[in-house]
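Participant: I'd like to ask you about the structure that follows.
The values are calculated or read from the model by the stated rules, or taken from the named source; none is laboratory data. These numbers come from a predicted model, not from an experiment. All Cβ positions, glycine included, derive from the backbone under ideal geometry; neighbour counts span all protein chains shown.
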């Protein structure tokens, strides 16, 4: 059975998101929460530290793993549970693995690349994530179908856990049936989580 893996919107401050998060967590129990922050050029690790600490205080006591996107040094400094790499940062899996050590979780968003997924596993990723779209490219019916097929193939052929991103509620059941270990709902989940059946 697939577990829930939530991803925040890009956050520049803890409030008012924390109140929304607490309401959502009262109704569901994700395995992990991915904290997305602005680029370092817009928010330094020092500036982001209080935000990370506030989110950590909300989720970690509940046994929810706190993952930080692309900020390995910040994740280590704030005693987060792991780092989730995406974009250009995902090409640096091996060096990030060395930086965070073996105790922290390391996930890698590989888009729709089977080769990148296999390479990430070889370089020390604890899980890989298939995503049919991102900030710069919207998901299409073809990319959604591609993510589903890759998830199905990976679940059969590989032991490394797979996170599958569901851009809409309709994609949840097929991805779960395909063998996704975790489902990461799209940002629409925050507006109406009750329709997602997660």
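Participant: Taking residue 198 as the residue in question, decide whether it is touching a strand residue (DSSP E or B) at 6+ places or on another chain (Cβ under 8 Å), assigned to a loop (DSSP other than H, G, I, E, B) and within 25 Å of residue 24 (Cα to Cα).
Facilitator: So residue 198 passes the test.
Participant: Follow-up question, since we're still on this one. List the number of the failed condition for residue 74; all other conditions in (1) within 26 Å of residue 188 (Cβ to Cβ); (2) buried (at least 17 other Cβ atoms within 10 Å of the Cβ); (3) touching a helix residue (DSSP H, G or I) at 6+ places or on another chain (Cβ under 7 Å); (4) modelled with pLDDT of 95 or more hold.
Facilitator: Here residue 74 meets the rest and fails (1).
Participant: I've got another one for you. For residue 93, state whether it is touching a strand residue (DSSP E or B) at 6+ places or on another chain (Cβ under 6 Å) and buried (at least 21 other Cβ atoms within 10 Å of the Cβ).
Facilitator: yes
Participant: When residue 175 is evaluated against the numbered criteria (1) modelled with pLDDT of 95 or more; (2) touching a strand residue (DSSP E or B) at 6+ places or on another chain (Cβ under 9 Å); (3) assigned to a loop (DSSP other than H, G, I, E, B), which criterion, by number, is the only one it fails?
Facilitator: Checking residue 175 against (1) modelled with pLDDT of 95 or more; (2) touching a strand residue (DSSP E or B) at 6+ places or on another chain (Cβ under 9 Å); (3) assigned to a loop (DSSP other than H, G, I, E, B), the one that fails is (3).
Participant: Output the residues belonging to segment 139-172 that are part of a loop (DSSP other than H, G, I, E, B), at pLDDT 95 or above and either under 21 Å from residue 36 (Cβ atoms) or touching a strand residue (DSSP E or B) at 6+ places or on another chain (Cβ under 7 Å) (or both).
Facilitator: 160, 161
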